[in-house]
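First up is the structure itself, then whatever we jot down about it.
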Amino acid sequence: MSKWTVLFKQDLPTFFDAADKFYKQEMKPNDYKAISGGFGNYGERGAKSTMIRCRFSGGVINKNQLLAFREVIKTYHVPMVHFTTCQCLQLHHITGDIIEPLMNELYDNNILTRGAGSDNPRNITSSGLIGIEKDEYFDVTGYMNAVSEYLLGTIGTVKYPRKMKVSFSSSNDGSGHTRIRDLGYLANTDGTFDVYTAGGLGPNPKIGVKVADHIDPKDVLYYAEAMVRIFTEHSDYKTRASNRSRYLPVKLGLEEYLRIYNEYVEEAKKKDLDVINPIGNIIEKTGPVEIINNWRIKPQKQPGLYYVEYHPIGGTPTPEEFIELVDLVEPFEGVELRLAAEETAYIANLTAEEAKTVAAFVDNRSAQTTFEKSVSCVGSTVCQIGVRDSHGLLEAILAAAKPHHFEEGVLPRLYISGCHNSCGTHETASIGFQGAAKLVDKKPVDAVALFVGGNEAFGSEKLGEQVAVIETRFIPEFIVELGTTVRNANTTFDDWIQENQDVFNALVKQYDEKI
């Protein structure tokens, strides 16, 4: 066991006591959430089951952890598995009779849940392919792990006003949502980082403020400590809704925010927190180099190794499918499952033959187009605070579009959140939806707010804006009509929207007014 699983396992009795009361209905859901969230556990809709969120820096799940998940899912008959946009793996519909042995088994296999919820530093996100992607500027793995270690050490010792999200990117492609986190490290081609802070999604979303250019990677912890200080020392701890870091530049004024932050960086540098020669992504495995004509299979930066893309619909593989996948890869040396911010998973460190075997397995169990790789949170049928069934909406959209066989690019990837908490990261999308309500004949009906224009491309960063509220039942029809319009123009959505914003607006207006 790692030092963190040993340390945090000592806290579990507090959680188990609360869980026992929750399952016996002796504790109200909100009271339970105040305790359980810090252990990565939340009550589900109906207050009879819970969800466990497991954290992995950069979304990297090693082989031993994969095998442990397989055994846990089989032993305790876990009915639902979900890959999240924060690169965690969630186990759903956990009942009171299995919560304690299941959690203990996770910790015994170096799988952490502590701090995966509530007012804590959350899972550090990344591209999911750090250390193996051929086009990355440099391997940021060691620096990411150093910041992760530092922040894990603050759990239970630092009182955070709200959650704090951190991201690393090994290029400028925006993966991992680096510029819209509380703290983001964006790699440069010269082996340095630009640092962004005070970004975030949800109510009043913000793109992060750049606080430093081209910092030496050894200095990453000074910027982490400065972020913890400014976040904890300048939040009021009273108005919870405005206690995210993105409100600080507004509250303090941007100039004063930057002054304080950089002052804290300089004070932190008086400590010995240099990250010297961190251990990066070490892979000793090799294999023969091949040219493989399969879009799911991509070569890694390590010669002779490959990764395979796998995107179960909505990031939710069936438990049986997950078990079969782990059974398949168990013989493969050094195999990893890497979770990405769009709920895609990559099976990594494969030889060419292993990659072909995995690709054949996932092909009919995985999305085939960018549109089918659309993102959704678990939604209101599972989540206790969800407003709409985001996952159900995604399934309805895909079912409506399936007979039309839209070509790649005709429809974009959609991002769907069940509520304003943005677990589906809808503000980052060219087309995103957020659970909402709409008055029709003076009565509220199921609806979603439509957000358009989001973009995380470097130099073109923009958060989507709400343009309409459409009844949920009309959304599949709306998407099919949009796809048909784009197809008839013999182009892709990304190109079409540049010249046809007025046509798109008219289509939106049509469905916004439809009852």
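The values are calculated or read from the model by the stated rules, or taken from the named source; none is laboratory data. Here the structure is a predicted model, which means the values were calculated and not measured. We place every Cβ from the backbone using ideal geometry, glycine too, and count neighbours over all the protein chains shown.
Considering each residue of the range 15-45, count those that are surrounded by fewer than 17 Cβ atoms within 10 Å (Cβ to Cβ), over 25 Å from the mean Cα position of the chain (by Cα) and without any contact (Cβ under 8 Å) to a residue 60 or more places away in the chain, and give that number.
Of the residues in the range 15-45, 6 are surrounded by fewer than 17 Cβ atoms within 10 Å (Cβ to Cβ), over 25 Å from the mean Cα position of the chain (by Cα) and without any contact (Cβ under 8 Å) to a residue 60 or more places away in the chain.
Yes or no, residue by residue, for (1) in the same structural domain as residue 200 (by TED's automatic domain parsing); (2) under 26 Å from residue 130 (Cβ atoms); (3) small (Gly, Ala, Ser):
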{"site": "240", "(1), (2), (3)": "yes, no, no"}
{"site": "247", "(1), (2), (3)": "yes, no, no"}
{"site": "251", "(1), (2), (3)": "yes, no, no"}
{"site": "255", "(1), (2), (3)": "yes, no, no"}
{"site": "259", "(1), (2), (3)": "yes, no, no"}
{"site": "263", "(1), (2), (3)": "yes, no, no"}
{"site": "280", "(1), (2), (3)": "no, yes, yes"}
{"site": "286", "(1), (2), (3)": "no, yes, no"}
{"site": "292", "(1), (2), (3)": "no, yes, no"}
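Run residue 260 past the list (1) outside any loop (DSSP other than H, G, I, E, B); (2) loosely packed, with under 12 Cβ neighbours inside 10 Å; (3) of a type in the set (Val, Ile, Thr) and report the number of the one that doesn't hold.
(2)
Looking at 351, 425, 344, which one is closer than 30 Å to residue 285 by Cβ, among the polar types (S, T, N, Q) and crowded, with 20+ Cβ neighbours inside 10 Å?
Only one candidate qualifies: 344.
If we scan the range 186-194, do we find a residue that is under 16 Å from residue 427 (Cβ atoms), in a strand (DSSP E or B) and modelled with pLDDT of 95 or more?
no
Only residues that are β-branched (Val, Ile, Thr), surrounded by fewer than 18 Cβ atoms within 10 Å (Cβ to Cβ) and in a helix (DSSP H, G or I): list them for the range 67-113, please.
75
Among the residues of the range 181-210, count how many are farther than 16 Å from residue 464 by Cβ, of a type in the set (A, V, I, L, M, F, W, C) and crowded, with 24+ Cβ neighbours inside 10 Å. Write out each step before concluding.
Residues of the range 181-210 that are farther than 16 Å from residue 464 by Cβ, as a first pass: 181-198, 208-210.
Going one step further and asking which of them are of a type in the set (A, V, I, L, M, F, W, C), we end up with 183, 186-187, 193, 195, 198, 209.
Next, from what is left, pick out any that are crowded, with 24+ Cβ neighbours inside 10 Å: 183, 186-187, 193, 195, 198.
Counting residues in the range 181-210 that are farther than 16 Å from residue 464 by Cβ, of a type in the set (A, V, I, L, M, F, W, C) and crowded, with 24+ Cβ neighbours inside 10 Å gives 6.
Within the range 39-98, work out how many residues are under 16 Å from residue 109 (Cα atoms) and among the acidic types (Asp, Glu).
Adding up the residues that qualify gives 1.
Which numbered condition trips up residue 238, out of (1) surrounded by fewer than 16 Cβ atoms within 10 Å (Cβ to Cβ); (2) in contact with a Pro (Cβ under 9 Å, 6 or more places away or on another chain); (3) at pLDDT below 95?
(2)
Name the residues in the range 410-419 that are over 18 Å from residue 453 (Cβ atoms) and surrounded by fewer than 24 Cβ atoms within 10 Å (Cβ to Cβ), would you?
The answer is 419, and nothing else.
Tell me, yes or no, whether the range 93-101 has at least one residue that is without any contact (Cβ under 8 Å) to a residue 40 or more places away in the chain and either under 23 Å from residue 120 (Cβ atoms) or not charged (D, E, K, R) (or both).
yes
Would you check if there is a residue in the range 349-365 being within 19 Å of residue 91 (Cβ to Cβ) and not charged (D, E, K, R)?
The answer is no; no qualifying residue exists.
May I ask you to list the residues in the range 280-308 that are charged (D, E, K, R) and surrounded by fewer than 20 Cβ atoms within 10 Å (Cβ to Cβ)? Write out each step before concluding.
Looking only at the range 280-308, we keep the residues that are charged (D, E, K, R), and these are 284-285, 290, 296, 298, 301.
Within the range 280-308, 284, 285, 290, 298, 301 meet the criteria.
For the range 164-174, check the following and say yes or no: at least one residue is part of a loop (DSSP other than H, G, I, E, B), under 18 Å from residue 86 (Cβ atoms), within 15 Å of the chain's Cα centre (by Cα) and at pLDDT below 95.
Within the range 164-174 (the criterion being part of a loop (DSSP other than H, G, I, E, B), under 18 Å from residue 86 (Cβ atoms), within 15 Å of the chain's Cα centre (by Cα) and at pLDDT below 95), the answer is yes, since at least one residue qualifies.
So residue 129 fits all but one of (1) in contact with a helix residue (DSSP H, G or I) (Cβ under 8 Å, 6 or more places away or on another chain); (2) among the aliphatic types (A, V, I, L, M); (3) in contact (Cβ under 8 Å) with a residue 24 or more places away in the chain; what number is the exception?
Among (1) in contact with a helix residue (DSSP H, G or I) (Cβ under 8 Å, 6 or more places away or on another chain); (2) among the aliphatic types (A, V, I, L, M); (3) in contact (Cβ under 8 Å) with a residue 24 or more places away in the chain, residue 129 violates only (1).
Mind listing whichever residues of the range 418-464 are of a type in the set (Ser, Thr, Tyr) and within 24 Å of residue 501 (Cβ to Cβ)?
Initially, the range 418-464 is screened for residues of a type in the set (Ser, Thr, Tyr), giving 422, 425, 428, 430, 460.
Within the range 418-464, 425, 428, 430, 460 meet the criteria.
Hey, could you check the range 430-444 for residues that are of a type in the set (Gly, Ala, Ser) and touching a Ser or Thr at 6+ places or on another chain (Cβ under 8 Å) and say which is farthest from residue 462 (Cα to Cα)? Working first, answer last.
In the first step, residues of the range 430-444 are kept if they are of a type in the set (Gly, Ala, Ser); the result is 430, 432, 435-437.
Still in the list and also touching a Ser or Thr at 6+ places or on another chain (Cβ under 8 Å): 432, 435.
On the way: 432: 13, 435: 21 Å.
Checking each candidate, the answer is 435.
With the condition kept exactly as written, say whether any residue in the range 139-151 is within 16 Å of the chain's Cα centre (by Cα), in a loop (DSSP other than H, G, I, E, B) and not hydroxyl-bearing (Ser, Thr, Tyr).
Scanning the range 139-151 turns up no residue that is within 16 Å of the chain's Cα centre (by Cα), in a loop (DSSP other than H, G, I, E, B) and not hydroxyl-bearing (Ser, Thr, Tyr).
When both residues are 6+ apart or on different chains and their Cβ atoms are under 6 Å apart, which pairs have a first residue that lies in the range 1-14 and is among the basic types (Lys, Arg), and a second that is surrounded by 13 or more Cβ atoms within 10 Å (Cβ to Cβ)?
9/107
Restrict the check to the range 130-138 and report whether at least one residue is closer than 22 Å to residue 231 by Cα and part of a loop (DSSP other than H, G, I, E, B).
no
Do you know which residues across the range 411-440 are touching a residue at least 60 places away in the same chain (Cβ under 8 Å) and more than 25 Å from the chain's Cα centre (by Cα)?
440
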